[in-house]
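Read-outs throughout are calculated quantities, based only on the coordinates presented, and are distinct from any laboratory measurement. Treat the numbers as computed from the prediction; the structure is a model and nothing was measured. Please note: Cβ atoms are built from the backbone with ideal geometry, for glycine as well, and neighbour counts cover all protein chains shown.
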Amino acid sequence: MSNLAVILYVCLGAALGQTGLFIDLPSLPQLASDFGVDAAATQTTVTAYALGYGASQLVWGPLSDRHGRRPIALAGLWMFITASLLLAVVPGFEPFRLLRVVQGIGAGCGTSVSRAALRDVLSNRELARAMSFASISFALALGFAPFVGGLIGRATSWRVDFLLVAALGLATALYLARALPESLSRELAAAATRPSVAAIGRGYLRLAVDARFLLPSLIATVATGMIALYDAASPFIYETRFGFDAAGFGSLSLGLTVAYIAGALMVVRFVVARGQPWLLRFGLGAMLLGGLLMVGLGLGGWFDTLSLFLPMLVITFGASVLVPIGLAMPMQSFPAQAGQASALTGFLQQEGTGLLVLIATVLPASSQLPLALTLLALALVLGLLVCSYTRLTPA
């Protein structure tokens, strides 16, 4: 199997999952009007997708360990495509919300199985480089999916959003069917845990109590959660405090996407020459620097676009170095359970990020200090995790 083909698949899986999550955000008011529900109800559809997306990875991963990457990946894609097409025509709100869960379940398969397929064909340092390309795809989808969704909402109905993601899913399925043979070796398939509930649970428990798995997974989770926390809190600051409109705020989001891509490219460039522990320390240093800068500016009385946005650029750059390495390391340590390791890492990343985002609901928008101190505290937690992991695996 071509390694480049697998890398392209993992990039498509990452982009497809995030596009499905974010593309209809600009059209939520229109969706609320069409279904006759309030804004809070429409926001639960985003939560529904995220829950299906994160939790389903716990099932897709071990299934792919036992039955192979290719058939499970195709099953998840067809579930995603079918749900997306139904979302474009569903007449009622409750069926719509349920279909968002199903769509998220299908999207979770692409993320979990594609990461496991990478572990099948790449060495440890190559895996970290490949995960950085997936991070670039994630960042592009994070920035451009709402932008495209906004253009669609301005020109036509929000239902076209789901026709577009169905088309993207179909293109991915056709590519997978044509270009990707099975990547899982017979030896690893034979060694995989049988997909019974009890066996799957024991496999996840073994991973969860092993520091080689848990520490890097938490590194990826906290780093991702810091970006998500800022994303959840910042619209209220920029739009209500600084007077930005939605388009202006979207432009700032694209700026953070550029910072994320720059950090991911640094992993590609230096992971072989410098090694993963060095990159972990470098990324951590950037995140601590950004947090300290934001707190320092806040203590100095600054509270404007630059005092908030520039430190966040530094934090985002550091996070984009930590996340691909944190996602790759659990699979490196457990090749016979790569599907389960990828699945549990994805679950922790998605659901842990969701919990961290809840902090944004209690942060006041009258000063940047509450947000800055929260981000700095999380960066210090990252410091403990990175130091613990680099002592565990110094090479």
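Tabulated values for the structure
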{"read-out": "Cα shape, the chain, gyration tensor, a/c 1.5 rule", "value": "oblate"}
{"read-out": "Ranked list, fewest to most other Cβ atoms within 10 Å of each Cβ, for Asp24, Asp210", "value": "Asp210, Asp24"}
{"read-out": "Gained length - Leu205 relative to Thr44, 0.36 nm times residue gap less alpha-carbon distance", "value": "54.9 nm"}
{"read-out": "Tensor-based shape of region 79-181 (alpha-carbon gyration tensor, a/c under 1.5 rounded, otherwise prolate or oblate)", "value": "prolate"}
{"read-out": "Two-site FRET efficiency, Arg241 against Glu94, from Cβ-Cβ distance with R₀ of 30 Å, rounded to 0.05", "value": "0.25"}
{"read-out": "Label-point separation in nm, Ala155 to Arg274, each point 7 Å along Cα→Cβ", "value": "4.1 nm"}
{"read-out": "Ranked Cys109, Cys387, Cys11, criterion: other C-beta atoms within 10 Å, fewest first", "value": "Cys387, Cys11, Cys109"}
{"read-out": "Distance between modelled label sites at Tyr175 and Val381, nm, 7 Å Cα→Cβ extension", "value": "3.4 nm"}
{"read-out": "Mean residue ellipticity (222 nm) of the chain, computed from DSSP H runs ≥ 4 via -39,500 (n - 2.57), nearest 500", "value": "-28500 deg cm²/dmol"}
